Structure formats: structure tokens, C-alpha cells
């Protein structure tokens, strides 16, 4: 699957920012050899949820899911279910969930890069 044009990524992220009421950009993970593929809106328990999908040069695809929250901030918490690694964190009214079959080492790198880019 080819990487979509930057205009499409920007358009998708503007829509997500509008629906979630937060200024969000898809973290650029090209330095870690993972390409943005798409961003879409879903719903969970009737609330909007954004999914940003990435495809690394090697390995399995992974996603960053984002939704609004009124719960307090916290750093990454890690778990594993159904062969998928997950990391959750909250920052400034937004909840983030990383999900993928990625190794723990690579997941740590992706999550660190995502958190750094989402704060800037």
C-alpha cells in the first residue's frame, strides 16, 4: 500500500481534530521507518475514536487510537492481549492507545517518538 499524499493525511487529521476538539497531527515516524497509511474516525460506546494506521518497513502494521477523556494524565502503561502489545497514556484531555504485534523494544521506540511529537 503506497503512502498517501501529504494533503490527504492533513485533511484526515483536520477532520479528526475537529471531531475530537483537539489540535492533533499524525506523529511522523519516518525516522523509525514506519509510514503513515491512513487516519479514520470510528465510535466506541457512542464516542468518537480516531485510528491512525502505520506500516513499518519490516514487521506488522500498528495503530495509534485517540479519544477525548476527562480523566487525569498518566504516562505509558503496557499490556498484552490476544498476541497484541498495547500502551495507553493520557495527556491534556486526550487518551492514546498504541496497539500492534510489535516487539516490546520497537513499541517503546514508537511510543516514545509518538509522545514527543504529540507534545510539540
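The values are calculated or read from the model by the stated rules, or taken from the named source; none is laboratory data. Given the structure is predicted, the values throughout are model-derived calculations rather than measurements. All Cβ positions, glycine included, derive from the backbone under ideal geometry; neighbour counts span all protein chains shown.
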Residue under evaluation residue 48, criteria (1) in contact with a helix residue (DSSP H, G or I) (Cβ under 7 Å, 6 or more places away or on another chain); (2) crowded, with 18+ Cβ neighbours inside 10 Å; (3) not in a loop (DSSP other than H, G, I, E, B), criterion not met: (2)
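For (1) more than 19 Å from residue 45 (Cβ to Cβ); (2) at pLDDT below 95, each residue gets a yes or a no:
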site	(1), (2)
72	yes, no
85	yes, yes
92	yes, yes
99	no, no
103	yes, yes
106	yes, yes
109	yes, yes
Before we move on, is residue 33 touching a residue at least 12 places away in the same chain (Cβ under 8 Å) and under 22 Å from residue 2 (Cβ atoms)? yes
Please indicate, with yes or no, whether at least one residue in region 3-14 is in contact (Cβ under 8 Å) with a residue 12 or more places away in the chain and within 13 Å of the chain's Cα centre (by Cα). yes
Among residues of region 57-85 being touching a residue at least 40 places away in the same chain (Cβ under 8 Å) and in a strand (DSSP E or B), the residue surrounded by the fewest Cβ atoms within 10 Å (Cβ to Cβ) is 68
